[in-house]
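> First, the structure itself, so that you have it in front of you.
The values are calculated or read from the model by the stated rules, or taken from the named source; none is laboratory data. Computed from a prediction, not measured in an experiment: that's the story for all the values here. In this analysis, Cβ positions are derived from the backbone assuming ideal geometry, glycine residues included, and neighbour counts consider all displayed protein chains. Note: accessible area is taken over every heavy atom of the protein model, side chains too, but ligands, DNA and RNA are not part of it. Shrake-Rupley method; radii C 1.70, N 1.55, O 1.52, S 1.80 Å.
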Amino acid sequence: MADKKNYYEILGVSKTATADEIKAAYKKLVKQYHPDLHPGDATAAEKFKEVNEANEVLTDPDRRAAYDFEINHTARGGPRPGGPGGFGGFGGFGDIFNDIFNGMGGDAGAQQRDTSGEDIQTEMSLSFMEAARGCTKDFSYTRNETCAACKGTGAKGGTALKTCMKCAGKGQIRITQDTMFGRTVRMGICPDCNGKGKIITEKCPDCKGRGYYRKETKISVTVPAGVDNTSYLKKRGLGQASTQGGAPGDLVINFKVAPHRLFTRKNMDLYLDLPIPYATAALGGVVKVPDVENVFEYTIPEGTQSGTVFTLHGKGIKSKNGIGSLFLRVIVEVPSRLSREQRKEMENAVKNFDLRQYEKARKFNDAMDALYGVNPYSKK
């Protein structure tokens, strides 16, 4: 590589540098060596040219891949006898692939393969309060479970197997192909044993050679407080059994949360529209407000206007990531000013006020009574 520029060294980045790292290094060097900043400096001009050349190659995925192949091949000793001399003429391309596979510390067939079973994606329905408070629920689903008789091998007694002759037990074979670029070699799954390296001589009678059987599985799931529609829970090893002798996959439970009759939720915060008597809004008073845990009393200031929002910190959803707030919006029409006569009339109205005459307030009152067993405006 003596006659080949090292673009990575020119930009001052590693060979594994990301596109963003290359871009940042290029911008820094452009500012350092730009000819406008060094008029008449031939060294700076040449350096600026090299920086641009390196950036053009390393920011183009195809050109960078070709460049990496070339410098790697040169670093291993240059052209091979089987090719006409280097990457520029595509002569040694097949040798490069051979070097890659043979230089990985043994036979290419010994490479690690992912033999784990597939994950199961499923859904669990939760009420609003179950999601907010957290709960424990029994859950059942159907999965492929490893056959106990053959231990997942699919062979009778787990031992009626023989080594695959085609791949010599490696599960993979080399596939050689001649192309316009030369001879290429890639690895593929052995078609005879389907990548297992073993062939069944006598199938397991329990699972009919599949290595697994269908089974309904029942588990107890602890749902943490604060989950939402975007939340999920992963249970390791409770997915599909592997057909390759590996570990089972995972069970991924996605939560579906039902809406609430009173609350609207955004992340950990709760939003509540609270209908109140106009007299309470005008004169002030104590109202009963629900949150996730219970019902508490809250004092409405005198002269509160309809649409006023009160922020109650710590009254929202509680989770391991923190506690949200409750945004309480009062719904009422309140005169901005009261005469002495009007005030007296309102004081009398408070004593005899029946919230049920207003439809929205009545629905809220009924919901409070049904959900919490509390009638906020019952007369004492």
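> Based on the Cβ-Cβ distance from Lys28 to Ser325, what FRET efficiency comes out when R0 is 41 Å, to the nearest 0.05? List each step's numbers first, then the result.
On the way: r = 44 Å, r/R0 = 1.08.
Efficiency, rounded to the nearest 0.05: 0.40.
> What does the net charge come to around Ser14 if you take all other residues with beta carbon closer than 15 Å to its beta carbon, with K and R at +1 and D and E at -1?
Numbers: positive: Lys15, Lys23, Arg64; negative: Glu9, Asp20, Glu21, Asp68.
Summing Lys and Arg as +1 and Asp and Glu as -1 gives -1.
> Leaving ligands, DNA and RNA out of it, rank Val332, Val286 by accessible area with a 1.4 Å probe, largest first.
Values: Val332 15, Val286 90 Å².
Largest accessible area first, the residues go Val286, Val332.
> Report the convex hull volume per residue for region 193-349, counting only C-alpha atoms, in Å³. Show your work: numbers first, answer last.
Values: hull volume 22.6 nm³, N = 157.
Enclosed volume per residue, from the Cα hull, is 144 Å³.
> Quick one: order Lys320, Lys151 from most to least accessible surface, probe 1.4 Å.
On the way: Lys320 190, Lys151 165 Å².
In descending accessible area the options line up as Lys320, Lys151.
> Next question. Using each residue's phi in region 317-323, evaluate 6.51 cos²θ - 1.76 cosθ + 1.60 at θ = phi - 60° and report the 3J(HN,Hα) Karplus result to the nearest Hz, with x for Gly and Pro.
Each residue of region 317-323 in turn: 6, 9, 9, 5, 8, x, 10 Hz.
> In Å, the Kirkwood hydrodynamic radius of region 154-205 over pairs of distinct alpha carbons? It would help to have the intermediate numbers written out before the result.
Values: mean 1/r = 0.0821 Å⁻¹.
Answer for region 154-205: a Kirkwood hydrodynamic radius of 12.2 Å.
> Excluding Ser127 itself, what net charge comes from residues whose Cβ is under 12 Å from its Cβ, given Lys and Arg +1 and Asp and Glu -1?
Working: positive: Arg133, Lys137, Lys256, Arg261; negative: Glu130.
Net local charge, Ser127 excluded: +3.
> Another one. Amide H of Lys203: which non-local residues (sequence gap of 5 or more, or other chain) have their own amide H closer than 5 Å, using H built in the peptide plane?
Lys156
> Between the alpha-carbon centers of region 17-69 and region 283-347, tell me the distance in whole angstrom.
Cα centroid of region 17-69 versus Cα centroid of region 283-347: 63 Å apart.
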